[in-house]
Amino acid sequence: MGKPMKIRAAVKEGVTEVKILMQHDMETGLRKEADGTLVPAWFITEVKVQYQGRAVLEAQFGQSISKNPYLMFHFNGGSAGEKVSISWVDNKGDSRSDEATITG
Amino acid sequence: MSKEIDLGRRRAITTGGGMGLLALFGGVGLFRPSDALAEWNKTAFTSKAMDEALGSLGAASPEDNSVFIQLTVPEIAENGAVVPVSVASSLPNVEQISIMVDKNPNVLAAVFSIPQGTGAMVTTRVKMGKTANVVALVKADGKFYRTAKEVKVTAGGCGG
């Protein structure tokens with residue numbers, strides 16, 4: 001199970017802005033340890049953000065996304081007190097899901 | 001229930017393991033068949049060259065230097081490991097936004113699907129091995145548009 005995400009969702013004038021910070025090493029598979037051994041690729045491949053049971057953003061990532069991936073976007077709608085849920089899977093099949101409450 | 005678990009299993013096979021967790025994940029209902037994202041585009045994400053990546057995304061000849069895309073990147077990145085990239089578009093009906101780094105070993109960094117009701121704007125952070133062009137590719141009304149900006153990297157982010 002991955003480490004918890006930090007999520008901030010805030011609604012302003014009918015638009016909800018979502019900021020997500022995932023915790024993941026995002027290994028490219030090209031980095032070497034001090035002794036020269038290659039660190040295997042290990043990175044988030046898919047992210048999905050849901051609001052009221054529908055996807056408001058879906059992403060596919062490659063190795064070029066920075067360690068501890070950050071995402072910001074916005075969608076129409078949302079009210080204070082409602083939830084957004086975010087989930088990711090990585091190339092080793094690990095996953096993580098977290099929820100956040102929209103603030104006004 | 002069984003349908004969701006089956007989906008979890010299928011995903012687990014394509015991503016290579018972690019079946020138990022994914023079955024659980026599917027059970028939670030976050031990845032449902034009805035709105036599941038297309039499978040991770042392995043061909044596109046393992047592309048070593050820009051043309052190859054564009055081809056894999058079905059964007060062989062995008063309209064270049066698009067004024068309809070606002071790509072925000074730093075001119076100089078002191079740390080190539082964390083380069084903020086923001087892409088926005090004024091085009092109507094934006095369906096997809098992709099970010100590429102033309103000199104990275106794997107050029108495609110991310111593909112975002114933008115459903116209706118979601119703003120045509122995403123911000124994230126990418127790794128850059130050296131000075132390169134960051135490319136924003138936007139699909140709107142089935143057509144592709146592209147713009148690029150150079151980012152000078154003083155310390156690479158794909159360390160060895």
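Considering only residues in segment A:1-42 that are part of a loop (DSSP other than H, G, I, E, B) and of a type in the set (A, V, I, L, M, F, W, C), the one that is surrounded by the most Cβ atoms within 10 Å (Cβ to Cβ) turns out to be A:26. Being more than 8 Å from chain B (Cβ to nearest Cβ) and farther than 20 Å from residue B:82 by Cβ is a property that holds for residue A:100. The set of residues in segment A:68-84 being surrounded by fewer than 18 Cβ atoms within 10 Å (Cβ to Cβ), closer than 25 Å to residue B:41 by Cβ and facing another protein chain (nearest Cβ under 7 Å) consists of A:70, A:72. Restricting the search to strands (runs of 3 or more DSSP E) fully inside segment B:46-160 and requiring at least 2 residues that are more than 9 Å from every other protein chain (Cβ to nearest Cβ), at pLDDT 95 or above and farther than 27 Å from residue A:24 by Cβ gives B:69-72, B:143-153. When B:82, B:101, B:122 are checked against the criterion of being in the same structural domain as residue B:52 (by TED's automatic domain parsing), under 22 Å from residue A:18 (Cα atoms) and either free of Cβ contacts under 8 Å to residues at least 40 places away in the same chain or crowded, with 24+ Cβ neighbours inside 10 Å (or both), a single residue qualifies: B:122.
The values are calculated or read from the model by the stated rules, or taken from the named source; none is laboratory data. Here the structure is a predicted model, which is why all the values come from computation and not from measurement. Neighbour counts run over all protein chains shown; Cβ positions are idealised from the backbone, glycine included.
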